[in-house]
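Data first, discussion second: the structure below is written as structure tokens.
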Amino acid sequence: MNPIPCDGCGYCYHKDGCSKRDLDGYYASLETADILVFALPVYNLSFPAPMKALLDRGQRYWSARFIR
């Protein structure tokens, strides 16, 4: 996966979902999962940029809980 980074467009503040449709399959799997495990290489005591983009795209769930 190579997710498009979140650009803070605010779509998830008003509607359920994300304006970027590239992770729809990932979100469907995530919502039906019983457990979530992140396994990734560590570079310079941090994680790779694609993983950061994926975590940032979790903003839709934060917005659903705390904004809407």
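Given the options D56, D7, D16, name the one that is closer than 20 Å to R68 by Cα, open to solvent by 50 Å² or more (accessible area, probe 1.4 Å), of a type in the set (D, E, K, R) and in contact with a helix residue (DSSP H, G or I) (Cβ under 7 Å, 6 or more places away or on another chain).
D16
So which residues in the stretch 36-65 are polar (S, T, N, Q) and not in a helix (DSSP H, G or I), if there are any at all?
Selection gives N44, S46.
The values are calculated or read from the model by the stated rules, or taken from the named source; none is laboratory data. Quick caveat: nothing in here was measured; it's all calculated off a predicted structure. All Cβ positions, glycine included, derive from the backbone under ideal geometry; neighbour counts span all protein chains shown. The protein model used for the area step is the full one, side chains on, heavy atoms only, and it has no ligands, DNA or RNA in it. Shrake-Rupley method; radii C 1.70, N 1.55, O 1.52, S 1.80 Å.
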